[in-house]
Amino acid sequence: MAVRRVVLWDVDHTLIDTGGVGRELAARAFERTTGMPMREQATIDGITEAVIFRETSKLHGLTTTRDDFEEFAEALTAAHVESSEELRARGHGLAGAAAALDRLSRTPDVTQTVVSGNVRAVAKIKLNVFGLDRHIVWECGAYGEDADERPDLVRVALRRATEHLDWELTPQDAVVVGDTPADVSAALEVGVPLIAVASGRFSAEDLRAAGASRVVSDLRDAEQIAHWVTAL
């Protein structure tokens, strides 16, 4: 019997690089929402969009509500729609991302989804722009509007995948693939196996220090990724 797996992909710096466009669009959405230029942005690596917006607002002396965040999320989505061509021109899918997604799509009983700090609409736009969305089952994922903390996003995805696929899904039936220590700690906290990818701002040594035992420099070895997904 084939092993069932749900792959929980991170987006930024795991599958794609926006080439700086992402921060510019966040600044545009921030100003549309608050009426203030975004002078600085809170730390973003591995953090959910709701937390980034709240903490960035604090840096500007603002206290925000959930309604404010939802307005920001709508503005951020609109900015990505408006600038999708610029995103395509300046950003890129990361090495091996398309091949890894395609290879896993041919693996029996493997479902691929996204666990990302991005809001769902933005995650969909980003992957669509680079042609990386066709194997993603969005209903199984978890996104920046779903929880503040990364481990909770993993838990939300496990619950949604269980409901959508009608599987008896345990944490050991999923695999997190991400590029930050936050991805590593979330997987470890929830008990989900992990493949760490040193394709972003953190080195392989950083990811191992955070607790990752399986680390790759990029996704170009699709066969290795597929082997780990099914063997973990």
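The values are calculated or read from the model by the stated rules, or taken from the named source; none is laboratory data. No experiment lies behind these values; they were computed from the predicted model shown. Using ideal geometry, Cβ is built from the backbone for each residue, glycine included, and neighbour counts are taken over all protein chains shown. Note: areas computed on protein heavy atoms with side chains; ligands, DNA, RNA excluded. Shrake-Rupley method; radii C 1.70, N 1.55, O 1.52, S 1.80 Å.
Does region 196-208 contain at least one residue that is without any contact (Cβ under 8 Å) to a residue 24 or more places away in the chain, open to solvent by 20 Å² or more (accessible area, probe 1.4 Å) and more than 19 Å from the chain's Cα centre (by Cα)?
So in region 196-208, the residues without any contact (Cβ under 8 Å) to a residue 24 or more places away in the chain come out as 196, 198, 203-205, 208.
With open to solvent by 20 Å² or more (accessible area, probe 1.4 Å) added as a condition, the list becomes 198, 203-205, 208.
Narrowing further to those that are more than 19 Å from the chain's Cα centre (by Cα): 205, 208.
Yes, region 196-208 contains a residue that is without any contact (Cβ under 8 Å) to a residue 24 or more places away in the chain, open to solvent by 20 Å² or more (accessible area, probe 1.4 Å) and more than 19 Å from the chain's Cα centre (by Cα).
Test Gly117 against the criterion of being within 12 Å of the chain's Cα centre (by Cα), under 23 Å from Ala231 (Cβ atoms) and of a type in the set (Gly, Ala, Ser), and give yes or no. So Gly117 fails the test. Every listed requirement among (1) among the hydroxyl-bearing types (Ser, Thr, Tyr); (2) within 19 Å of Val119 (Cα to Cα); (3) open to solvent by 70 Å² or more (accessible area, probe 1.4 Å) is met by Thr14 save one, (3).
I'd like the full set of residues that are β-branched (Val, Ile, Thr) and crowded, with 18+ Cβ neighbours inside 10 Å, limited to region 108-139. Let's see the steps before the verdict.
Here is the first cut: in region 108-139, the residues β-branched (Val, Ile, Thr) are 110-111, 113-115, 119, 122, 125, 129, 136-137.
Result: Val110, Thr111, Thr113, Val114, Val115, Val119, Val122, Ile125, Val129, Ile136.
Scanning region 162-184 for residues that are open to solvent by less than 40 Å² (accessible area, probe 1.4 Å) and either part of a strand (DSSP E or B) or in contact with a Ser or Thr (Cβ under 7 Å, 6 or more places away or on another chain) (or both) yields Leu169, Ala174, Val175, Val176, Val177, Gly178, Asp179.
Only one of Arg220, Arg159 is surrounded by fewer than 18 Cβ atoms within 10 Å (Cβ to Cβ), over 16 Å from Thr111 (Cα atoms) and out of contact with any Ser or Thr (no Cβ under 9 Å at 6 or more places or on another chain). Can you tell me which? Full working, then the answer.
Numbers: Arg159 fails: over 16 Å from Thr111 (Cα atoms).
Selected residue: Arg220, the only one of Arg220, Arg159 that is surrounded by fewer than 18 Cβ atoms within 10 Å (Cβ to Cβ), over 16 Å from Thr111 (Cα atoms) and out of contact with any Ser or Thr (no Cβ under 9 Å at 6 or more places or on another chain).
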